[in-house]
There are 2 protein chains.
Amino acid sequence: MSAPQDTDSRRRLNREVVLQTALQLVDSEGLEALSMRRLGQALDRDPMGLYRYAANRADLLDGITELVLNELAIFPTDPDWQAQLRRIAHDLRLLALRHPNVVPLLVTRPLSTPLGLRPLGTLRPLEQILGLLIEAGFAPNDALHVYRAYYGFLYGHILNELQEFIVDPEENVALLRLGLHRLPARDFPHLRELAPVLADYDGEAELDEGISILLSGLAERLTGGAALAR
Amino acid sequence: MSAPQDTDSRRRLNREVVLQTALQLVDSEGLEALSMRRLGQALDRDPMGLYRYAANRADLLDGITELVLNELAIFPTDPDWQAQLRRIAHDLRLLALRHPNVVPLLVTRPLSTPLGLRPLGTLRPLEQILGLLIEAGFAPNDALHVYRAYYGFLYGHILNELQEFIVDPEENVALLRLGLHRLPARDFPHLRELAPVLADYDGEAELDEGISILLSGLAERLTGGAALAR
DNA sequence: CGAACGCCTCTACACCGTAGACTCTAGGCG
DNA sequence: CGCCTAGAGTCTACGGTGTAGAGGCGTTCG
């Protein structure tokens, strides 16, 4: 008897646990804090041991993006594809707000790996959204185009919002003012004028509006043009 | 006489030269290759000397993004704002294709710095596009919203395209096939089916189409709704 | 001529990813 | 029971990183 799993931090490791801990580390201390040594320390294990569960630091990063994207639910058989796209957009937005430090990985990792060789979990959303659209009646070609417009817009919005995201509203209105005050009035009149509007960014509304624009634009273009669905 | 500027690589340094060299290094060897030591070597100077022209490695990265964004021309007084937005989009796309290794910086650096404290060169496009829209008759508030939708979409597209971008078309169709072949057919039917379409991505057309969708969507929304211009 | 200043260089420190060899432990099999 | 094997975990070491701090050197000014 007497298993040696003392503090319970000494259980046998597995990839899942390693990645999860890495994610926590990134969430709480930022991407730069994630080193093999720090992670080993967090797991109370020698850093070298981690290479049993991730071939690389790069592989570790890929694993984290996979982990995060797995939190995103998609139901490819929902007949109301527009509503579904809208919901996914909001979910992904919340996901990004929950893991802001991971967002750079989300947008950056795929740039280093050709599509076919990416971690499977990363390709799942693409596949499922294609499924959703095709199920809704789109020709596969059009589905791909819709997907691209949609996902492009979505990632763009998330980057936009996170750029303007500020932690403590009170202190940072000041900071923002201070920052903007630094701008030479001669060269940045509009930005300075818009400071108050910049200060209260409503990401959810903005996203929803954007999606509406996109969907209505898509609808118009597709009904007017060639192949369509629904 | 006989100035000691022997190889001409020994001229007096300045920030511009340092950043330009750093950019070349990143362009040709990737972001990871940019270290103070490597850069010092490229400039034939002690790495420590660089700290006279960039406070930090981070500052160096900011400088590079600034440098690249300065290549983007915007004419805020053009009365045809739609055409102008379209041209800027295509120019930025080409810029991204010319400096693909810098794109991660473009999308990632702003996430680490509150808007007001960013390098001025980085804020110039924002300011000028606001100017363009306001000049065209938009209320400042609306101009900001239009800007966000536009820039969000634009960055999204660039990320999309660069993700699917593949250097050598011949070799990489094979590679793509190989990669996609790896996908379990059961779980990724649509992706596998779309392989040929994925293979010939026409970024320019796709972007133009997207911009059209966006602009028509914007027009519809704004004519139907409240304040508008033009 | 001496002092001051800016550019540059050197050395040093703490950290990083990871290759390779080692130890230890649990389990299977004779 | 005893041995063997395989895998998990560890240790050490190497070449790289950012950058603090002190020193050197040439030019320019008082």
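The values are calculated or read from the model by the stated rules, or taken from the named source; none is laboratory data. Everything numeric here is computed off the predicted structure, so don't read it as measured data. Note that we place each Cβ from the backbone using ideal geometry, even for glycine, and neighbour counts take in every protein chain shown. Quick note on the areas: whole protein, heavy atoms, side chains included, nothing else; ligands and nucleic acids left out. Shrake-Rupley method; radii C 1.70, N 1.55, O 1.52, S 1.80 Å.
Given the condition under 18 Å from the mean Cα position of the chain (by Cα) and of a type in the set (A, V, I, L, M, F, W, C), answer yes or no: does some residue in the stretch B:77-88 qualify? Checked the stretch B:77-88: at least one residue is under 18 Å from the mean Cα position of the chain (by Cα) and of a type in the set (A, V, I, L, M, F, W, C).
Checking the structure you have, find out if any residue of the stretch A:77-94 is open to solvent by 40 Å² or more (accessible area, probe 1.4 Å) and within 9 Å of chain B (Cβ to nearest Cβ).
Within the stretch A:77-94, not a single residue is open to solvent by 40 Å² or more (accessible area, probe 1.4 Å) and within 9 Å of chain B (Cβ to nearest Cβ).
B:D78 passes every criterion in (1) modelled with pLDDT of 95 or more; (2) assigned by TED's automatic domain parsing to the domain that holds B:Y155 apart from (1). In the stretch A:156-169, is there at least one residue being of a type in the set (D, E, K, R), loosely packed, with under 14 Cβ neighbours inside 10 Å and at pLDDT below 80? Taking every residue of the stretch A:156-169 in turn, at least one turns out to be of a type in the set (D, E, K, R), loosely packed, with under 14 Cβ neighbours inside 10 Å and at pLDDT below 80. Take the conditions (1) over 19 Å from A:E71 (Cβ atoms); (2) modelled with pLDDT of 90 or more; (3) in contact with a Lys or Arg (Cβ under 9 Å, 6 or more places away or on another chain); A:R109 misses just one of them, which is (1).
The set of residues in the stretch B:139-155 being more than 9 Å from chain A (Cβ to nearest Cβ) and open to solvent by 10 Å² or more (accessible area, probe 1.4 Å) consists of B:A139, B:D142, B:Y147.
Taking the stretch B:46-60, which residues are part of a helix (DSSP H, G or I) and open to solvent by 60 Å² or more (accessible area, probe 1.4 Å)?
B:M48, B:Y51, B:R52, B:R57
Tell me, which residue of the stretch A:61-76 that is open to solvent by 60 Å² or more (accessible area, probe 1.4 Å) and under 30 Å from A:L13 (Cα atoms) is farthest from DNA strand D (Cβ to nearest atom)?
Taking the stretch A:61-76 as the starting set, the residues that turn out to be open to solvent by 60 Å² or more (accessible area, probe 1.4 Å) are A:70-71, A:75.
Restricting the remaining residues to those that are under 30 Å from A:L13 (Cα atoms) gives A:70-71.
Working: A:N70: 23, A:E71: 26 Å.
The extreme case among them is A:E71.
Restricting B:R86, B:R52 to residues that are basic (K, R) and farther than 23 Å from B:L214 by Cβ narrows the list to B:R52.
Determine if the stretch B:29-36 includes at least one residue that is within 10 Å of DNA strand D (Cβ to nearest atom), under 26 Å from the mean Cα position of the chain (by Cα), open to solvent by 30 Å² or more (accessible area, probe 1.4 Å) and modelled with pLDDT under 95.
Initial filter on the stretch B:29-36 (within 10 Å of DNA strand D (Cβ to nearest atom)): B:32-36.
Now restrict to residues that are under 26 Å from the mean Cα position of the chain (by Cα): B:32-36.
With the extra rule that they be open to solvent by 30 Å² or more (accessible area, probe 1.4 Å), the set shrinks to B:32, B:35.
Okay, now just the ones that are also modelled with pLDDT under 95, so B:32.
Yes, some residue in the stretch B:29-36 is within 10 Å of DNA strand D (Cβ to nearest atom), under 26 Å from the mean Cα position of the chain (by Cα), open to solvent by 30 Å² or more (accessible area, probe 1.4 Å) and modelled with pLDDT under 95.
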